[in-house]
C-alpha cells in the first residue's frame with residue numbers, strides 16, 4: 001500500500017508523581033508501540049475503551065504531544081525531524097475535536113475564524129478570501145449568510161460543520177476525527193457521517209476516525225484498529241473484523257454494542273472487572289486479567305501482533321478456537 005501516514009512503534013508517555021509530596025516519578029505509557037498505515041483516500045477507524053490511548057495517539061500524530069519513541073511519517077516526511085510544529089507536513093493533517101462548543105472561539109464570527117486561518121497560512125490571495133469562505137461553507141452544507149453569526153447561534157451539528165470547514169481551510173490530505181460525532185444526537189451523527197463520506201469522495205481525503213460508537217466506525221471505515229491499554233490488539237478490514245473478530249477484547253466490544261432491532265436476540269459476553277490503570281499495566285498480555293480464555297501462557301509471555309492475510313491480532317490462542325467459542329456464545 002502507498003502510505004499517506006505511517007506509524008512505526010510509536011510511544012507516548014507522561015511523567016506522573018506517585019503522591020502530592022513525593023519526589024519520585026513514574027511513567028504512564030499512554031501509547032506503547034503502535035504501528036499502522038493509512039493510504040490515500042482511506043478511512044481507518046480506531047476504537048477502544050476510554051483511557052486506552054486513542055486521543056494521546058491522535059495528538060502525537062499532529063504534533064500536539066511529543067512522541068517518546070518510534071516514527072511518524074506523513075507524505076514521506078518523518079515528523080520527528082520537523083522542529084517547527086507549523087511546518088508544511090503538520091499543515092496537511094488537521095484535527096477535528098469532540099466538542100465544537102469548546103474548540104471554536106466564542107468571540108469570533110464564522111467569517112472571522114475562517115478568514116484568520118486563510119490569511120495566516122496564506123491559502124489564497126487577500127481578494128479571494130471572501131469567495132473561499134463561501135466555498136468552504138458550501139462544502140459543509142452551510143449557507144453563506146451564516147458567516148456573520150457566532151458559534152452560540154448554531155446547533156451542535158452546525159458547530160461541528162464549522163469545525164470541519166475550519167479544518168478544510170488549510171486544504172489537508174488527512175483529517176483526524178477524535179470522537180467528532182459522539183456529542184451529537186443519533187440523527188445529527190448520521191448527517192455528519194454522511195458529510196464526511198461525501199467530503200472523502202469529493203476531496204480525496206483520508207481519515208483517522210476515533211470513536212466509541214461501533215456503528216459509526218463500521219459505517220465509515222475501510223479498516224478498523226482496536227486498542228487496549230496503549231497497544232493495538234486487532235487490525236482488519238471493517239467487514240472482516242465485525243463478521244469474525246479474532247481477539248477476545250474485540251469480540252466483547254462487538255457483543256456489548258446495542259442493536260437497533262429490538263426483536264434481535266443475542267447473548268452478551270460481559271468482561272470481568274474494569275480496565276487496569278496504565279500506570280500499573282499487567283505483565284505479558286495486558287488483557288489477561290479480564291479474558292475468559294486466559295491461561296498461564298498469557299500471564300508470562302506477551303503475544304506478538306501477527307498479520308495473517310491482512311487480518312492482524314495479538315493473541316496466543318488459535319483463530320479457529322476463538323471463532324468457534326465466539327460462535328457458540
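With angles folded into 0 to 90 degrees, how steeply does helix 319-328 sit against the dominant principal axis of the chain? Use alpha carbons for both and round to 10. The angle comes out near 90 degrees. Can you tell me how segment 41-133 classifies by the Cα gyration tensor, rounded, prolate or oblate, using a/c under 1.5 as the rounded cut? The shape class here is oblate. With contacts taken as Cα pairs under 8 Å at a separation of at least 6 residues, the chain carries a relative contact order of 19 percent. Using just its DSSP H runs of length 4 or more, each adding -39500 (n - 2.57), the chain gives a mean residue ellipticity at 222 nm of -9000 deg cm²/dmol after division by all residues.
Taking square-rooted eigenvalues a ≥ b ≥ c of the alpha carbon gyration tensor, is segment 90-131 rounded, prolate or oblate, where a/c under 1.5 means rounded and, failing that, a/b exceeding b/c means prolate? Here segment 90-131 falls in the oblate category.
According to the square roots a ≥ b ≥ c of the eigenvalues of the Cα gyration tensor, what is the shape class of segment 134-207, taking rounded for a/c under 1.5, prolate for a/b larger than b/c otherwise, and oblate for the remainder? It comes out oblate by the Cα gyration axes. Tell me the angle of helix 110-120 to the major Cα principal axis of the chain, expressed in degrees between 0 and 90 and rounded to the nearest ten. That works out to roughly 90 degrees. In the elastic network of the chain, a GNM with C-alpha springs shorter than 10 Å, the most mobile of 272, 78, 222 is 272. Counting only DSSP beta bridges with both residues in the chain, the antiparallel share comes to about 65 percent.
Comparing mean-square fluctuations of 43, 146, 300 from a GNM of the chain with C-alpha springs under 10 Å, the top value falls on 300.
Taking the number of Cβ atoms within 10 Å of each Cβ as an exposure proxy, the fewest-first ranking of 102, 221 is 102, 221. Using only Cα atoms, tell me the angle between helix 156-168 and the longest principal axis of the chain; keep it within 0 to 90° and round to the nearest 10. The helix 156-168 is inclined about 80 degrees to the chain.
Among 71, 152, 286, which one shows the biggest mean-square fluctuation in a GNM of the chain, springs joining Cα atoms closer than 10 Å? Largest GNM mean-square fluctuation: 152.
Coordinate-derived values only; no laboratory data. Computed from a predicted model, the values in this text were never measured in an experiment. Backbone-built Cβ (ideal geometry, glycine too); neighbour counts: all protein chains shown.
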